[in-house]
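The values are calculated or read from the model by the stated rules, or taken from the named source; none is laboratory data. Because the structure is predicted, anything quoted here is derived from the model rather than measured. Neighbour counts run over all protein chains shown; Cβ positions are idealised from the backbone, glycine included.
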Amino acid sequence: MASKIKWIVLAALLVAGGALFYKKVFIPKSTYAHVVAQKGDLPLRVFGIGTVSAKNFYPVSSHFGGKLLEVLKDQGESVKKGEVIARIDPVDLPQQLAQAKALVTKAKNALKAAKEEAAALKPQIEMATLTFERYARLYKKGYAAKAEYDKARTDLSALQAKLSAARAQTASANDEVVRAKKAVEALEVRMACLTVRAPFDGYVVSKEAEVSQTIAPQQPILTLVKPSEVWVRANVDERISGDVKVGQSADIVLRSRPDAPIAGRVARIEAKSDPVTEERIVDVAFKQLPKPFYINEQAEAYIHTGAIHDAVLVPSRVIVHGGVWVYQNGEARFVNVKVLGRDDQKSAVQGVEAGAIILVPDSKKRPLFDGADVRL
């Protein structure tokens, strides 16, 4: 009797254990999340991640070196074309310029005096010419002495020599004026170069030198970019880059503004891919540059490459090994599908109908196999 009771109790425990296992283990392990395939339109987007950069960076410098007296702009600030952004110590250039201008004035005065002297000699030469011609006629007829003729000729020659000397002095003085003016112009150009101005409307991305620092000729003081040339250099996987074309619209998401996408467009596709990462660089320009912006900030680009209309859509995560697990009459059935296109979340597929119940694979559940009993 005791042995019979023992077996009854053991059987009851096995049944209870089996029921507990069925409810707590088997059923949860066989229960899968699911989604329903739906018909709709799928905008196609190609994703890339990169950093904010620019087509060109423009270092601003001076043709002449020296000690920096002022740097009037800092990184992160905008500049206008022609705006003064730095000044270099001119040392004794102002004094040299004043002396050069004084030499110009002196040369002009000498030129004026030479011209006046030449002008004064002209009537004297005319009178001496008339006198010489008269004595020449008289001497020829024997009415004038040879001494008077010779004196008239000598006086005329002396005045002509003085005129030649005055003309030579005028030319020399004119050359001196030109030379002095060029010296002034050179000093003025040098003085102007010591005041550094912005070459265009731009944005300062880095400050290369500080006040009181002595810089060499052509050494950068600030580095500028043109706002119209700022873009995102996005790395796009080669496998999905084939549909990307210059001019396509895009959404740019900056890391500092994750909830505020910015409109952009594909400005350039680099002709060379990275052989290591197997990625292609796509430059996506901003349609309206945000202010402020930060060079080298991480950014994401979502490039709109087209759309698939009236397609069966499923979440991309349910596609495994080229197919999906479909729920049919309490069983899992594997169905191969053809992916027509995808974005970052959904895929348009061919091979299942709209309304099909798709199981979501879960590594924590029992492995799925064709014909496996499953629950929803």
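Just a few scattered comments:
- Among the residues of the stretch 343-371, those that are closer than 15 Å to Thr31 by Cα, of a type in the set (Val, Ile, Thr) and either touching an Asp or Glu at 6+ places or on another chain (Cβ under 6 Å) or part of a strand (DSSP E or B) (or both) comprise Ile357, Ile358.
- Val246 falls short on exactly one of the conditions (1) closer than 30 Å to Tyr203 by Cα; (2) aliphatic (A, V, I, L, M); (3) not in a loop (DSSP other than H, G, I, E, B), and that condition is (3).
Let's see how each residue does on (1) basic (Lys, Arg); (2) part of a helix (DSSP H, G or I); (3) more than 18 Å from Ser61 (Cα to Cα):
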{"position": "Leu156", "(1), (2), (3)": "no, yes, yes"}
{"position": "Ala161", "(1), (2), (3)": "no, yes, yes"}
{"position": "Arg167", "(1), (2), (3)": "yes, yes, yes"}
{"position": "Ala171", "(1), (2), (3)": "no, yes, yes"}
{"position": "Phe200", "(1), (2), (3)": "no, no, no"}
{"position": "Val204", "(1), (2), (3)": "no, no, no"}
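- Residue within the stretch 270-281 that is surrounded by fewer than 18 Cβ atoms within 10 Å (Cβ to Cβ) and either small (Gly, Ala, Ser) or in contact with a Leu (Cβ under 7 Å, 6 or more places away or on another chain) (or both) present: yes
- Number of residues in the stretch 27-66 that are basic (Lys, Arg) and either buried (at least 20 other Cβ atoms within 10 Å of the Cβ) or under 29 Å from the mean Cα position of the chain (by Cα) (or both) equals 2.
- Test set (1) out of contact with any Leu (no Cβ under 6 Å at 6 or more places or on another chain); (2) within 25 Å of Glu238 (Cβ to Cβ); (3) among the hydrophobic types (A, V, I, L, M, F, W, C) - Ala299 fails condition number: (1)
- Residue match in the stretch 322-343 (condition: more than 38 Å from the chain's Cα centre (by Cα), surrounded by 15 or more Cβ atoms within 10 Å (Cβ to Cβ) and under 21 Å from Leu44 (Cβ atoms)): yes
- Within the stretch 225-240, none of the residues are modelled with pLDDT of 90 or more, in a loop (DSSP other than H, G, I, E, B) and either surrounded by fewer than 15 Cβ atoms within 10 Å (Cβ to Cβ) or aromatic (Phe, Trp, Tyr) (or both).
- Residue match in the stretch 57-74 (condition: of a type outside the set (Lys, Arg) and under 30 Å from Ser241 (Cα atoms)): yes
- Where Lys182 falls short, out of the listed (1) at pLDDT 90 or above; (2) surrounded by 13 or more Cβ atoms within 10 Å (Cβ to Cβ): (2)
- Qualifying residues in the stretch 70-84 (those that are aliphatic (A, V, I, L, M) and surrounded by 14 or more Cβ atoms within 10 Å (Cβ to Cβ)) - the one nearest to Gln213 (Cα to Cα): Val71
- Which listed residue is assigned to a helix (DSSP H, G or I) and under 56 Å from the mean Cα position of the chain (by Cα), from Pro94, Pro90: Pro94
- Of all residues in the stretch 181-198 being in contact (Cβ under 8 Å) with a residue 60 or more places away in the chain and in a helix (DSSP H, G or I), the one that is nearest to Leu111 (Cα to Cα): Lys181
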